[in-house]
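Report on one structure; see the data block that follows.
Every number here is computed from the coordinates shown, using simple stated rules; none is lab data. Because the structure is a prediction, the values reported are computed rather than measured. For neighbour counting, all protein chains shown are included, and Cβ atoms are generated from backbone atoms with ideal geometry for every residue, glycine included.
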Amino acid sequence: MKAKVLNLDNQDAGEIELADSIYGLEPRPDLIQRVVEWQRAKRRAGTHKVLTRGEINRTKKKAYKQKGTGQARHGARSAPLFVGGAKAMGPVNHSHEFDLPKKVRALGLKHALSAKAKDGDILVIDEAKAGAVKTRDLAQRFGKLGVEKALIVDGEFENNFALSARNINHVLLLPAKGLNVYDVMRSDKLVLTKAAVQAIEERLGAERRASERPA
């Protein structure tokens, strides 16, 4: 599929061929959701915790004799039944991470890119470069392109461009090697440079070849 290429001043800069195997698939929401959940699970700290019975500093002396009082039989005051006692089966430190095959992760990224392409939310620019570090000028150029809440992807960002864009609200810069499903789907617009398009196709093509190797 062909896509129009613009420069930062919203002027025509030619066309580029986007691979149908990456941008022309029929999006599968279930596959995209699997990868997003995998990413978010990896980001969870897993540090939520409560004190167990062994960690509660309360007396272990028996409150009253075992029998003859008409009350339930109790021992240590660290039991969950008592105020100030431990919590039964409470959360403990653990990792929420789980495995997801590399082939599924690569396919999920392809479907996420295809979803953006299908909705017309992919914009291709010739290059991401700025002559000087001027946030206001770059924000005005983004306005001409209709870029507000966007993810901008390049092979390797020029320093002036990166410094100019870092203070613009709702604009995230990401190198092509760090492109992921979660950031793609949560952005309104996906802006790719020609270098990013090439890097993405090389990355996903390499992952595809690795998955096709005989066992």
- Message: Within the range 128-149, does at least one residue satisfy the condition of being touching a residue at least 40 places away in the same chain (Cβ under 8 Å) and under 17 Å from the mean Cα position of the chain (by Cα)?
- Response: yes
- Task: Provide a single number: the residues in the range 150-164 that are in contact (Cβ under 8 Å) with a residue 40 or more places away in the chain and of a type in the set (D, E, K, R).
- Result: 1
- Query: Does Ile56 fit the bill of being under 27 Å from Gly205 (Cβ atoms) and either in contact (Cβ under 8 Å) with a residue 40 or more places away in the chain or part of a loop (DSSP other than H, G, I, E, B) (or both)?
  - Reply: no
- Message: One residue is enough: does the range 36-47 have a residue meeting the conditions in contact (Cβ under 8 Å) with a residue 60 or more places away in the chain, among the β-branched types (Val, Ile, Thr), touching a Phe, Trp or Tyr at 6+ places or on another chain (Cβ under 8 Å) and outside any loop (DSSP other than H, G, I, E, B)?
- Response: yes
- Note on the structure: Subset of the range 54-84, residues out of contact with any Lys or Arg (no Cβ under 9 Å at 6 or more places or on another chain) and surrounded by 12 or more Cβ atoms within 10 Å (Cβ to Cβ), comes to Lys62
